[in-house]
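What follows draws every value from the coordinates through simple rules; no lab data is involved. Just so you know, these numbers come straight off a predicted model, no measurement behind them. Positions of Cβ are backbone-derived with ideal geometry, glycine not excepted, and every protein chain shown enters the neighbour counts.
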Amino acid sequence: MPHRQIIPVPSQPATDCRGLAGRLRICAFRVGLGRLLGRRLLLHHTGRLSGLDRRAVLDVVECDPEAGTWVVASWFGTGADWYRNLRAQPKTVIEVGSRHYAVTAAFLTPGEGAGGGRPRAGGAACLVRLDTGGGHRRR
């Protein structure tokens with residue numbers, strides 16, 4: 001059997017409505033309008049195939065900034081690119097307001113939900129807890 005080589009194809013900028021909406025949310029967050037978007041944070045992650053830096057604005061379901069934990073929802077389930085990228089590399093950085101935190105992602109089971117036992121918030125397909133490891137390690 002011949003050896004097959006997998007060559008990652010560079011991703012093209014999204015041209016559909018969902019991609020455009022995502023880019024607009026990131027731009028709004030970047031220029032300081034994040035508060036207008038509600039409870040959101042900006043996730044910096046690395047593409048699992050391309051290795052390129054990626055960003056996504058995520059809904060915060062639950063947060064405890066004093067403990068350094070945030071629970072975010074993937075409304076598109078485990079198929080969301082940011083979710084699959086975090087599965088491949090769970091250590092990453094988030095922006096909350098103007099602060100950066102180094103975090104590690106923990107993937108919650110449906111039974112865990114937000115807050116340890118509460119049902120999944122708003123019908124989210126899956127939840128991810130982002131944890132600074134007990135402290136605020138600003139980057």
* **Label point 7 Å beyond Cα of T78 along Cβ direction - residues of the stretch 38-54 with amide nitrogen under 15 Å** => none
* Segment R87-S50, length gained on full extension (0.36 nm per residue, minus Cα span) -> 11.8 nm
